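Engineer: First, the structure itself, so that you have it in front of you.
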Amino acid sequence: MGRGEDVTTGPRTGLQERAEPGIPGVSPGTGTTGRSAAGGTPGRVTPDPAGAHGPAARMFAADAASRGLGMTLQAVGEGTASVGMTVTGAMVNGHGNAHGGFLFTLADTAFACACNSYGPQAVGAAADIVFVAPAREGDVLTAHAVERTRFGRSGVYDVRITRDDQVVAEFRGHSRVIRAVEG
């Protein structure tokens with residue numbers, strides 16, 4: 001697959017395109033574009049976001065819901081983010097699979113970090129998810145978010161949740177930069 005193609009929709013169009021982060025077999029911190037939120041090298045994401053001080057890292061640090069579920073910010077760059085989570089027994093539904101709401105929350109968190117990586121505060125305007133394969137207790141999942149396009153105050157982001165090299169879910173989120181509220 002060449003640059004500008006998407007595995008689910010074919011060729012991409014838009015004002016901006018991003019390389020696909022989190023491709024199976026490629027370690028985090030490689031293969032993305034932009035400058036890290038911590039001011040790192042162009043073409044790299046922050047491999048250790050614990051030391052990151054950018055807007056997405058600050059937002060994640062204040063996200064009690066995601067951190068309470070055991071999520072970790074693994075990497076962040078302009079328009080990209082990777083977030084990890086281990087499925088716990090409390091996250092399993094009556095079928096023995098990870099509840100879809102927890103998978104959505106994982107993807108939504110990666111989406112939030114990616115769309116807030118630039119600095120202006122952005123919120124989700126809409127999102128949908130397709131569940132591809134079940135996840136089970138003990139599975140270590142990673143959500144890789146990538147910006148597809150930004151236009152005006154809006155953006156479109158794709159998030160792929162994987163377990164090892166297997167796709168578990170595909171998520172698409174639409175963001176909106178909010179205007180600063182003066183107080």
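The values are calculated or read from the model by the stated rules, or taken from the named source; none is laboratory data. Everything numeric in this text was worked out from a predicted model, so none of it was measured. So basically every Cβ, Gly included, is an ideal-geometry build from the backbone, and we count neighbours across all protein chains shown. Note: areas computed on protein heavy atoms with side chains; ligands, DNA, RNA excluded. Shrake-Rupley method; radii C 1.70, N 1.55, O 1.52, S 1.80 Å.
Engineer: Taking segment 100-131 on its own, how many of its residues are in contact with a Phe, Trp or Tyr (Cβ under 7 Å, 6 or more places away or on another chain) and modelled with pLDDT under 95?
Structural biologist: Count: 0.
Engineer: When you look at T109, is it surrounded by 14 or more Cβ atoms within 10 Å (Cβ to Cβ) and assigned to a helix (DSSP H, G or I), yes or no?
Structural biologist: yes
Engineer: Does A127 qualify as being of a type outside the set (D, E, K, R), open to solvent by less than 60 Å² (accessible area, probe 1.4 Å) and under 16 Å from V156 (Cβ atoms)?
Structural biologist: Taking the combined requirement at face value, the residue satisfies it.
Engineer: To continue, here is another question. Across segment 71-104, what is the total count of residues that are in contact (Cβ under 8 Å) with a residue 40 or more places away in the chain, among the polar types (S, T, N, Q) and open to solvent by 40 Å² or more (accessible area, probe 1.4 Å)?
Structural biologist: 3
Engineer: Shifting gears a bit: Looking at (1) closer than 21 Å to L69 by Cβ; (2) touching an Asp or Glu at 6+ places or on another chain (Cβ under 7 Å); (3) surrounded by fewer than 20 Cβ atoms within 10 Å (Cβ to Cβ), which one does R172 not meet, given that it meets all the others?
Structural biologist: Going through (1) closer than 21 Å to L69 by Cβ; (2) touching an Asp or Glu at 6+ places or on another chain (Cβ under 7 Å); (3) surrounded by fewer than 20 Cβ atoms within 10 Å (Cβ to Cβ) one by one, R172 breaks only (1).
Engineer: Oh, and also: So A107 fits all but one of (1) touching a His at 6+ places or on another chain (Cβ under 9 Å); (2) touching a residue at least 60 places away in the same chain (Cβ under 8 Å); (3) closer than 20 Å to A64 by Cβ; what number is the exception?
Structural biologist: It fails just one condition, (1).
Engineer: For segment 140-161, enumerate the residues that are open to solvent by 30 Å² or more (accessible area, probe 1.4 Å), without any contact (Cβ under 8 Å) to a residue 60 or more places away in the chain and either under 18 Å from S82 (Cα atoms) or of a type in the set (S, T, N, Q) (or both).
Structural biologist: V140
Engineer: Within segment 68-99, which residues are closer than 18 Å to V132 by Cα and either modelled with pLDDT under 95 or in contact with a Phe, Trp or Tyr (Cβ under 6 Å, 6 or more places away or on another chain) (or both)?
Structural biologist: Once the filter is applied, which keeps residues that are closer than 18 Å to V132 by Cα and either modelled with pLDDT under 95 or in contact with a Phe, Trp or Tyr (Cβ under 6 Å, 6 or more places away or on another chain) (or both), segment 68-99 yields only M91.
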